[in-house]
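Worksheet: one structure, shown below.
The values are calculated or read from the model by the stated rules, or taken from the named source; none is laboratory data. The shown structure was predicted, so the numbers you read here are calculated from the model rather than taken from an experiment. Here Cβ is always computed from backbone atoms with ideal geometry, including for glycine, and neighbour counts include all displayed protein chains. Surface accessibility is based on the protein's heavy atoms, side chains included, excluding ligands, DNA and RNA. Shrake-Rupley method; radii C 1.70, N 1.55, O 1.52, S 1.80 Å.
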Amino acid sequence: MRDDVVRGLPGDEPLAALRRGPMTESVHRGRVVFCDTSGEVLEAFGDPEGYTYVRSSAKPFQALPLVLSGAADAFGLSDEEIAVVCASHSGEDHHLALVRSVLSKAGLSEKYLRNGAHPPFHAPTAASLARDGEVPQPIHGNCSGKHAGMLALCAYEGWSLDDYHSPDHSLQRTILNVMSEVCALEPEAMLLGGDGCGVPAFAMPLKNLATGFARLSTGEHLSDKLAEGCRRAREAMRANPYTVAGTGRFDTQLMQDTALLAKSGAEGVIACGSAHGWGMAIKISDGSGRAVKPVVLSMLRRRGVTLPDPEPDIVRDLHGEVVGSMESIL
């Protein structure tokens, strides 16, 4: 891999700004790309060829081997359980029940989870946990559904359970190959790092993430088997947007308000796919999550996606008065 690919900074453009009074106070730079299912770039701002870690936007792809192998059917997983495998959930009670159900159907328990622990994203749930004097466990982590799905596939295939998070494990090699095919990138061109939950994090050109979501949303340019796996994953997510994220989360809102497939990731990454045959991927260069929503909404309007009038991203002072707003500048 060329050193400039690994270490260079992709060209970006100003995408969003914080306005305060008459001035622009802060600017977030980044990249946006729309691709069709063949991988052709339809529109781009900034460098679409530049690599980025796609983080949790990869979760729908990471879930595909569970479906393709027959494990999901063998264990009788519901669409909502498949959705939680694709999720960055908020740790609400319903999410935890689904994760436990996936593990139970595979004959496993929470003790096998290797995703690490953090307080639930859902603030009331996190506060309740703290009031009860409980320490967050791996199941509370937003990646526990993904890990439960990985463990279920290992149980089905007879693969080892203790090291399933290792890049050299059969599970992770299988995921890499499937993800490479959907995203139209050779496996050796995928760069691997460590994700927050301990499994490999995938880096690819931003245009390949957009291509992958275009294909995930349509099944086009894929084998019949892989297209069917994509259909099941996207229909599970589309039918259960709350499961994919949670109360007040942007992924959930976006799938409830539009016909799109959507999955965000850490460090200012989000990808969407349309049944009309296009995918969109966004990376905010400084990793700021606050710039994601206004940029997404602005970009989707360019593609003719009908959206309810969103609440403006306003900034208030300590007295509750509006003093500014976060806006797209594209």
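Could you say which residue among His94, His89, His28 is crowded, with 24+ Cβ neighbours inside 10 Å and touching a Phe, Trp or Tyr at 6+ places or on another chain (Cβ under 9 Å)? Lay out the reasoning, then the answer.
On the way: His94 fails: crowded, with 24+ Cβ neighbours inside 10 Å; His28 fails: touching a Phe, Trp or Tyr at 6+ places or on another chain (Cβ under 9 Å).
After applying the criteria, what remains is His89.
Considering only the range 84-111, state which residues are under 13 Å from Thr252 (Cβ atoms) and in contact with a Cys (Cβ under 9 Å, 6 or more places away or on another chain).
Ala87, Ser88, His89
Report the residue count in the range 137-158 for those that are of a type outside the set (A, V, I, L, M, F, W, C) and over 23 Å from Thr125 (Cα atoms).
Within the range 137-158, the subset of a type outside the set (A, V, I, L, M, F, W, C) is 137-138, 140-142, 144-147, 149, 156-158.
Next, only the ones that are over 23 Å from Thr125 (Cα atoms) stay: 149, 156-158.
Residues meeting the conditions: 4.
Which count do you get for residues in the range 192-234 that are β-branched (Val, Ile, Thr) and either assigned to a helix (DSSP H, G or I) or within 15 Å of the chain's Cα centre (by Cα) (or both)? Let's see the steps before the verdict.
Kept after step one, since they are β-branched (Val, Ile, Thr), are these residues of the range 192-234: 199, 211, 218.
The next check asks that each one be either assigned to a helix (DSSP H, G or I) or within 15 Å of the chain's Cα centre (by Cα) (or both); those that pass are 199, 211.
Residues that pass the stated criteria total 2.
State the number of residues belonging to the range 11-23 that are more than 15 Å from Val295 (Cα to Cα) and touching a residue at least 60 places away in the same chain (Cβ under 8 Å). It would help to see each step written out before you state the result.
At the first step, the residues of the range 11-23 found to be more than 15 Å from Val295 (Cα to Cα) are 11, 20-23.
Now drop any that are not touching a residue at least 60 places away in the same chain (Cβ under 8 Å), which leaves 20-21.
Residues meeting the conditions: 2.
If you scan the range 34-65, which residues turn out to be among the β-branched types (Val, Ile, Thr), surrounded by fewer than 24 Cβ atoms within 10 Å (Cβ to Cβ) and closer than 26 Å to Asp224 by Cβ? Step through it out loud before you land on a result.
Quick first cut of the range 34-65, residues among the β-branched types (Val, Ile, Thr) only: 37, 41, 52, 54.
Going one step further and asking which of them are surrounded by fewer than 24 Cβ atoms within 10 Å (Cβ to Cβ), we end up with 37, 41.
Hit for the range 34-65 is Thr37, nothing else.
What's the number of the only condition in (1) farther than 21 Å from Val269 by Cα; (2) open to solvent by less than 50 Å² (accessible area, probe 1.4 Å); (3) part of a helix (DSSP H, G or I); (4) not basic (Lys, Arg) that Met237 fails to meet?
For Met237, the failing item is (1).
Among the numbered criteria (1) closer than 28 Å to Thr258 by Cβ; (2) out of contact with any Asp or Glu (no Cβ under 8 Å at 6 or more places or on another chain); (3) crowded, with 19+ Cβ neighbours inside 10 Å, which single criterion is violated by Val199?
Here Val199 clears every test but (1).
Restricting the range 66-77 to residues that are in contact (Cβ under 8 Å) with a residue 12 or more places away in the chain and open to solvent by 10 Å² or more (accessible area, probe 1.4 Å), which is nearest to Leu129 (Cα to Cα)?
The selected residue is Leu77.
Working only within the range 141-162, note down all residues that are in a loop (DSSP other than H, G, I, E, B) and crowded, with 21+ Cβ neighbours inside 10 Å. Don't jump to the end; show me each part of the working.
So the first thing to find is which residues in the range 141-162 are in a loop (DSSP other than H, G, I, E, B), and the list is 141-143, 158-162.
Once the filter is applied, which keeps residues that are in a loop (DSSP other than H, G, I, E, B) and crowded, with 21+ Cβ neighbours inside 10 Å, the range 141-162 yields Gly141, Asn142, Cys143.
Being open to solvent by 20 Å² or more (accessible area, probe 1.4 Å) and part of a helix (DSSP H, G or I) is the filter; apply it to the range 179-188 and report the residue that is farthest from Pro60 (Cα to Cα). Reasoning before the result, please.
Let us first name the residues in the range 179-188 that are open to solvent by 20 Å² or more (accessible area, probe 1.4 Å), namely 181, 184-188.
Add one more test, that the residue is part of a helix (DSSP H, G or I), and what stays is 181, 187-188.
On the way: Glu181: 13, Pro187: 17, Glu188: 21 Å.
So, considering only residues that are open to solvent by 20 Å² or more (accessible area, probe 1.4 Å) and part of a helix (DSSP H, G or I), the one farthest from Pro60 (Cα to Cα) is Glu188.
Is it fair to say Pro138 is touching a Lys or Arg at 6+ places or on another chain (Cβ under 8 Å) and either touching a residue at least 60 places away in the same chain (Cβ under 8 Å) or surrounded by 13 or more Cβ atoms within 10 Å (Cβ to Cβ) (or both)?
Working: touching a Lys or Arg at 6+ places or on another chain (Cβ under 8 Å): yes; either touching a residue at least 60 places away in the same chain (Cβ under 8 Å) or surrounded by 13 or more Cβ atoms within 10 Å (Cβ to Cβ) (or both): yes.
Considered against the rule, which asks whether it is touching a Lys or Arg at 6+ places or on another chain (Cβ under 8 Å) and either touching a residue at least 60 places away in the same chain (Cβ under 8 Å) or surrounded by 13 or more Cβ atoms within 10 Å (Cβ to Cβ) (or both), Pro138 comes out as yes.
Could you say which residue among Arg100, Arg114 is modelled with pLDDT of 95 or more, out of contact with any Phe, Trp or Tyr (no Cβ under 8 Å at 6 or more places or on another chain) and basic (Lys, Arg)? Steps first, answer last, please.
Values: Arg114 fails: out of contact with any Phe, Trp or Tyr (no Cβ under 8 Å at 6 or more places or on another chain).
Testing whether each residue is modelled with pLDDT of 95 or more, out of contact with any Phe, Trp or Tyr (no Cβ under 8 Å at 6 or more places or on another chain) and basic (Lys, Arg) leaves just Arg100.
Given the structure, is Gly133 loosely packed, with under 15 Cβ neighbours inside 10 Å, farther than 30 Å from Gly11 by Cα and touching a residue at least 12 places away in the same chain (Cβ under 8 Å)?
Working: loosely packed, with under 15 Cβ neighbours inside 10 Å: yes; farther than 30 Å from Gly11 by Cα: yes; touching a residue at least 12 places away in the same chain (Cβ under 8 Å): no.
The answer is no for Gly133.
Of all residues being part of a helix (DSSP H, G or I) and closer than 18 Å to Gly149 by Cβ in the range 101-130, which is most open to solvent (accessible area, probe 1.4 Å)? Just the residue, please. Working first, answer last.
In the first step, residues of the range 101-130 are kept if they are part of a helix (DSSP H, G or I); the result is 101-105, 110-112, 123-130.
Of the ones still in play, those that are also closer than 18 Å to Gly149 by Cβ are 101-105, 110-112.
Details: Ser101: 32, Val102: 1, Leu103: 2, Ser104: 79, Lys105: 80, Glu110: 68, Lys111: 143, Tyr112: 58 Å².
Restricting to residues being part of a helix (DSSP H, G or I) and closer than 18 Å to Gly149 by Cβ, the top hit is Lys111.
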